[in-house]
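Visitor: Structure below; questions to follow.
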Amino acid sequence: HTPGEVQLTSSGSTIRDWEDDTHDPIIDVKPIEDDSDWEPIVPDEPEIPETPGDGTEENPYSIAEALVSEVKTEVWVEGYIIGYAETTGNKFSLGNTDLSSSTAGNSIVLVSNILETNVDLMLPVSLISLKSSDPTMYSKLNLNNVNLIGRKVKILCKLGISFLTTGGKDVTNYEFLN
């Protein structure tokens, strides 16, 4: 053969092998229109408070402040809901894949940065006491409401041990911030 020509060699198949198989489904693929207005959703950068939080409604604790707080009374804490708390062995872990599970309704996990993956920077908040004390608040805060993932919330709760780590419990008030 000469340069630029293609030489075909037999590898055992024939054109018949390449013909349409009537048993295979035919899928009609059409290009989608270019939506030039589309922009990916980029979460807000975590807000760095100008002044440290003091746990009041007007100046709630950040998640980092709540995690190191010695206060055991009711305080306001602000963060993003990213899932629910589970206990695996003797430690806390994040659950966020099966929101229909029975444990998804028992808690929420708050973070300062919505993309957080380090459980040491997460604040689990128990909702168990709300089931009987305030069923309406419980129904609005638990993760059987899948639209709560990613929402920013400010909650009033007691800090202490919850789900084997520092967390919140006995929630008495809340406010969605986005």
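Visitor: What does the C-alpha gyration tensor say about the overall shape of region 51-137? Classify as rounded when a/c is under 1.5, otherwise prolate if a/b is larger than b/c, or oblate. Intermediate values should be presented prior to the final figure.
Guide: On the way: a/c = 1.87, a/b = 1.29, b/c = 1.45.
Cα axes put region 51-137 in the oblate bin.
Visitor: Which percent of the Cα-Cα distances in region 93-163 go past 15 Å?
Guide: Beyond 15 Å sits 53 percent of the P(r) for region 93-163.
Visitor: If I ignore ligands, DNA and RNA and count only protein heavy atoms, how much of residue 134 is accessible to a 1.4 Å probe, in Å² to the nearest 10?
Guide: Around 50 Å² of this residue is reachable by solvent.
Visitor: What does the charge count near residue 109 come to, summing +1 for each Lys or Arg and -1 for each Asp or Glu among other residues with Cβ under 10 Å from its Cβ? Don't skip to the answer; put the middle values down first.
Guide: Values: positive: none; negative: 86, 116.
Within the 10 Å Cβ shell, the charges total -2.
Visitor: Around residue 75, under 10 Å between beta carbons, what's the net of Lys plus Arg minus Asp minus Glu among the other residues?
Guide: Working: positive: 72, 158; negative: 54, 57, 65, 74.
Summing Lys and Arg as +1 and Asp and Glu as -1 gives -2.
Visitor: Something else about it: What list of ³J(HN,Hα) couplings, whole Hz, do you get for region 117-122 from phi and the Karplus terms 6.51, -1.76, 1.60, once you set θ to phi - 60° and write x for glycine and proline?
Guide: Running phi through 6.51 cos²θ - 1.76 cosθ + 1.60 with θ = phi - 60° gives 10, 7, 5, 5, 10, 10 Hz.
Visitor: Would you tell me the accessible area of residue 117, worked out with a 1.4 angstrom probe on the heavy atoms of the protein chains, in Å² to the nearest 10?
Guide: Estimated to the nearest 10 Å², residue 117 gives 120 Å².
The values are calculated or read from the model by the stated rules, or taken from the named source; none is laboratory data. Since this is a predicted model, take the numbers as computed values, not measurements. Cβ atoms come from the backbone with ideal geometry, glycine included; neighbour counts cover every protein chain shown. Surface accessibility is based on the protein's heavy atoms, side chains included, excluding ligands, DNA and RNA. Shrake-Rupley method; radii C 1.70, N 1.55, O 1.52, S 1.80 Å.
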